1. Which members of region 98-119 meet the condition of being hydrophobic (A, V, I, L, M, F, W, C) and either surrounded by 15 or more Cβ atoms within 10 Å (Cβ to Cβ) or touching a helix residue (DSSP H, G or I) at 6+ places or on another chain (Cβ under 8 Å) (or both)?
2. Out of the residues in region 209-242 that are within 23 Å of residue 35 (Cβ to Cβ) and of a type in the set (S, T, N, Q), which is surrounded by the most Cβ atoms within 10 Å (Cβ to Cβ)?
3. How about region 172-229: which of its residues are at pLDDT 95 or above, acidic (Asp, Glu) and part of a strand (DSSP E or B)?
4. Can you spot a residue in region 75-95 that is surrounded by fewer than 16 Cβ atoms within 10 Å (Cβ to Cβ), at pLDDT 95 or above and within 30 Å of residue 193 (Cβ to Cβ)?
5. Hey, among 228, 178, 245, which residue is outside the structural domain of residue 121 (by TED's automatic domain parsing) and in contact with a Gly (Cβ under 7 Å, 6 or more places away or on another chain)?
6. Could you list, in sequence order, the residues of region 156-174 that are in contact with a strand residue (DSSP E or B) (Cβ under 8 Å, 6 or more places away or on another chain) and of a type in the set (Asp, Glu)?
7. For residue 196, only one of the following conditions fails: (1) within 19 Å of residue 108 (Cα to Cα); (2) more than 13 Å from the chain's Cα centre (by Cα). What is its number?
8. List every residue pair whose Cβ atoms lie under 8 Å apart, where the two residues are 6 or more positions apart in sequence or sit on different chains, the first residue falls within region 144-156 and is assigned by TED's automatic domain parsing to the domain that holds residue 217, and the second residue, located anywhere, is polar (S, T, N, Q) and at pLDDT 95 or above.
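The values are calculated or read from the model by the stated rules, or taken from the named source; none is laboratory data. Remember, it's a predicted structure, so these values are computed and weren't measured experimentally. For neighbour counting, all protein chains shown are included, and Cβ atoms are generated from backbone atoms with ideal geometry for every residue, glycine included.
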Amino acid sequence: MSRQVEITKEIDAPVDAVWRAITEARSLEQWFPVEARVTPGPDGTLWLSWGEGSQGEARIFHWEPNTRFGWGEEHGGVRMTTDFFLESNGAKTVVRVVTSSFSDDPAWDDDFHMMEGGWKYFMSHLQVWIERHRDEPRVLSHSREQSEHSKAEAFARLARALGFAEPPSHEGRFAVTTSEGDALEGAIIALNPGVQMGLVLENLDHAMLFVEMEGKKERAKPALWLSTYGLAEANSSALAARMRTLYERALT
């Protein structure tokens, strides 16, 4: 038996704009990977990279403009598929992403929940980018290094450094001040407790922040991804530097 991750969002944009956002390399790089390459059409290819050691190419199986876009790739020896389904709803678009072929064996639970949390965050990021930042380039900064801490400990350390008294246990509104003095206000829009947390930073022109514990349970590879849009270059660079310092101090 297998199970699937399925996330749906209604985006305030026409279907052709959403289609471009999920199929054009330049657009994908504004909300999803660090780098993307797309050879369009059925039997085309999709190459995505989140940095050294985290990249791969997949075959495109479904290319139905403004309707369906899907690809397949190997994951743990299993052929997994991801499909985007688009449907117009007046001036808006309903977007549904489905990743299939997760075994229901408990050994797959961590992978399943990581994929679920990741897509929940990235679908929200897609929505924020299209609705608020479509004409603004993303400024991406990230920290992603091997740690001596377990996933739970690394997550707790980063959560406290971001200003949370305790690691969050539910999604919702927040207002915190980080260990480096930055006021952050907005909403937790994706949460896999102790493993992943996605934030929209409304007071920073709806910047996006994603915290994720990669690696093994006993020895994490924590990642902190900050995407800003429309901030003055000096402000964006200074914020990225403070987030880097926060990351290093929290995990030392």
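1. Taking region 98-119 first, the residues hydrophobic (A, V, I, L, M, F, W, C) are 98, 102, 107-108, 112, 114-115, 119.
The answer is 98, 102, 108, 112, 114, 115, 119.
2. 228
3. Scanning region 172-229 gives 185, 212.
4. Scanning region 75-95 turns up at least one residue that is surrounded by fewer than 16 Cβ atoms within 10 Å (Cβ to Cβ), at pLDDT 95 or above and within 30 Å of residue 193 (Cβ to Cβ).
5. Working: 228 fails: in contact with a Gly (Cβ under 7 Å, 6 or more places away or on another chain); 245 fails: in contact with a Gly (Cβ under 7 Å, 6 or more places away or on another chain).
When all the criteria are applied, what remains is 178.
6. Listed by number, the list holds a single entry, 171.
7. Status for residue 196: all satisfied but (2).
8. That search, which allows pairs on different chains as well, returns 154/147.
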